[in-house]
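First comes the structure, then the notes that go with it.
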Amino acid sequence: MLRIHGNGIENMCPVQAMEKYLVRRPAAKGPLFCHANGAPLTQYQFGAVLRRVLHHAGVPPLQHGTHSFRIGAATTAALIHPQIEHTTKIAKLAQKSCVFLPANCRGNVWVVGDSLVRRANERASSTGKQNLGLSQSVVTWMGKGGATLQDFPSELQRRTRRSLPPDMIIIHLGSNDLGKCPAKECRQAIETAIRSSREMFPQAHLTWSAILPRLFYYGYERCTSQVKIENVRKSLNKYAKRRVLRIANASFISHSFATHEHRYFRRDGVHLSDAGSDILIGDFMLAVQSAGFL
């Protein structure tokens, strides 16, 4: 038995940190590190949090990795004291006995968007689909009323400071930009959103969700023509699809919403009814499954 004693340093003692974590850890079987719902913490998520902590502490993240938590320390000890080289053999045996999650079980899914996402979250919660049918992953809904493409980069940074980095991110934005911003600015905002997502989460699967139609576009000063706004919506979806499908580890969601089907919309002609939200949720479910999440 190996005993590890605390160092007595406040906020820097690994033993105290582990004790605090065990108090908060859910009573779930499986790996030591897990989410609040018992889903295992993946190797990628552990590494992402580690890099953020090292960066905050002023330590070069590229010089350290998850390898250091397996046999790296034993290797260093063997180099300093050759007489304890057998420790590396013990570490390698321990590593072989560890159970790692399969690569397609990446755990953390973000659904980022406007009020349509927020209402879809409410609908999914009432129908038991809040986790999008996933059994080994965690889905975090981030819907905000009035959210726009222009707000996305700053909102993404704010969310990153408060949440674990995603292994998949679904972006559903653009409805609130129609008619308010020129089409060129909307395309630039789409480009910025895709680029910032990829730069912040280079290993995450990126999914762009098409802008949904509305029964009526109203209250816009720049453009009052319903036909023109609808044409801009279609052109932005085509642009986003071409842009997303040109990059690796990315996908595009096309939705089957027809404006003549009024039952899919609320009376305001803007927000989705329960039936409409069910379609949106179903499309999200297909997207996460197609990306290989469990």
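Worth pointing out:
- Close amide H pairs (under 5 Å, H built 1.01 Å from N) link residue 139 with 109, residues at least 5 positions away or on another chain.
- If you take all other residues with their beta carbon under 12 Å from the beta carbon of residue 262, and give Lys and Arg +1 and Asp and Glu -1, the sum is +2.
- Above-threshold pairs, the threshold being 21 Å between Cα atoms, out of 184/241; 144/241; 20/129; 180/228: 144/241; 20/129
- Span from the segment 243-260 Cα centroid across to the segment 116-144 one, whole angstrom: 19 Å
- When each of the peptides 187-194, 125-132, 254-261 is scored by the mean number of other C-beta atoms lying within 10 Å of its residues, the order from highest to lowest reads 187-194, 125-132, 254-261.
- Estimated translational D of segment 108-290 in µm²/s (Stokes, Kirkwood radius over Cα pairs; 4 °C; 1.567 mPa s): 78 µm²/s
- Between the amide H of residue 272 and those of 266, distances stay under 5 Å, these residues lying 5 or more places away or on another chain, with hydrogens modeled in the peptide plane.
- Cα→Cβ-extended label distance, 7 Å offset, between residue 239 and residue 203, nm: 3.3 nm
No lab work stands behind these numbers, since they all come straight from the coordinates. Note that the structure is a prediction, hence the values are computed from the model and not measured. Counting neighbours? That spans all protein chains shown, and the Cβs are built from the backbone with ideal geometry, glycine included.
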